[in-house]
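In what follows, a structure is listed as structure tokens, so that the remarks can point back to it.
The values are calculated or read from the model by the stated rules, or taken from the named source; none is laboratory data. Keep in mind that this is a model prediction, so the values were computed, not measured. Every residue, glycine among them, receives a Cβ derived from its backbone with ideal geometry; neighbour counts consider all protein chains shown. The accessibility values were calculated without ligands, DNA or RNA, using every heavy atom of the protein model including side chains. Shrake-Rupley method; radii C 1.70, N 1.55, O 1.52, S 1.80 Å.
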Amino acid sequence: MIALLTRDLRLAVRAGGGFGLGLAFFLIVTVLVPFAVGPQTGLLTQIAPGVLWIGALLACLLSLDRIFALDWEDGSLDLLATAPLPMEGIVSVKALAHWITTGLPLVLAAPLLGVLLNLAGPGYLWLFVSLALGTPALSVIGTFGAALTVGLKRGGLLMSLLVLPLYVPTLIFGAEVARRGAEGLAVQTPLLMLAGISFGVTALLPFASAAVLRINLR
């Protein structure tokens, strides 16, 4: 598992499909929103949590199609399917590698980019917490979508259509945690819901993704 994780991290850095690309997209979205909305700092403060969460979600979508695509093209996926490591473990490692190269940079950069959107002071901590708790769910759900569309020509658009509805609950509760934290309100309920989604999909979706991959490899 460590060897597979190291390999995927190296491929992400060399291929340029995930590492840095999502962060650059996140930065562009955050920079452009104030120009579109205008100089009303009060309005920016209100929409900052939602904008940052939407930017993070869309940034995660950019590299999902490459989770299994490279392995499918060069035949590595067939070799991984016959390896001693269970397919569920392979899927989990792929999701972890995607989160490290895409989700983790977004989590670390979001509080800094919140300055551009005039995010309220108490909201920085809760924005960090919500993204740290919610982005793993985005990676796991995205890995499931990538498994569904592996081998399809131009499957990136189809994968986005399949994954986006599954992302909506994570987006709702993640943005709600950041919004309530910025306004000084109680965050326990949306935080627990967000944690439940993340732990639930992490426990269940690797099995579904592995089953889909076995079907596609037959």
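Selection over region 1-10 of residues that are open to solvent by less than 60 Å² (accessible area, probe 1.4 Å) and either touching a helix residue (DSSP H, G or I) at 6+ places or on another chain (Cβ under 8 Å) or among the small types (Gly, Ala, Ser) (or both) gives a count of 4. Each residue in region 16-36 was checked for being surrounded by fewer than 14 Cβ atoms within 10 Å (Cβ to Cβ) and part of a helix (DSSP H, G or I), and 6 of them qualify. Of all residues in region 118-143, those that are touching a Leu at 6+ places or on another chain (Cβ under 6 Å) and either surrounded by fewer than 24 Cβ atoms within 10 Å (Cβ to Cβ) or not in a helix (DSSP H, G or I) (or both) total 2. Starting from residues that are of a type in the set (A, V, I, L, M, F, W, C) and crowded, with 21+ Cβ neighbours inside 10 Å, keep the ones in region 198-215 and report whichever is nearest to LEU119 (Cα to Cα). Filtering region 198-215 for residues that are of a type in the set (A, V, I, L, M, F, W, C) and crowded, with 21+ Cβ neighbours inside 10 Å, the one nearest to LEU119 (Cα to Cα) comes out as VAL201. Contact map, region 24-45: residues that are closer than 21 Å to PRO122 by Cα paired with residues that are surrounded by 14 or more Cβ atoms within 10 Å (Cβ to Cβ) and small (Gly, Ala, Ser), Cβ distance under 7 Å, separation 6+ or inter-chain. Pairs shown: THR30/GLY55; THR45/ALA120. Among the conditions (1) in contact with a Ser or Thr (Cβ under 8 Å, 6 or more places away or on another chain); (2) of a type outside the set (Lys, Arg); (3) closer than 30 Å to THR6 by Cα, the only one that VAL51 does not satisfy is (3). Tell me, which residue of region 37-57 that is open to solvent by 60 Å² or more (accessible area, probe 1.4 Å) and of a type in the set (A, V, I, L, M) is modelled with the highest pLDDT? My answer is ILE54.
Would you mind stating whether LEU62 is under 17 Å from LEU5 (Cβ atoms) and open to solvent by 30 Å² or more (accessible area, probe 1.4 Å)? Judged against the criteria, LEU62 is not a match.
Contact annotation: residue pairs with Cβ atoms under 8 Å, 6 or more positions apart or on different chains, pairing a residue in region 135-151 that is closer than 15 Å to ASP71 by Cβ with a partner that is of a type in the set (Asp, Glu), are ALA146/ASP65; THR149/ASP65. Candidates GLU183, GLU176: the one that is over 14 Å from ALA137 (Cβ atoms), of a type in the set (Asp, Glu), over 14 Å from the mean Cα position of the chain (by Cα) and at pLDDT below 95 is GLU183.
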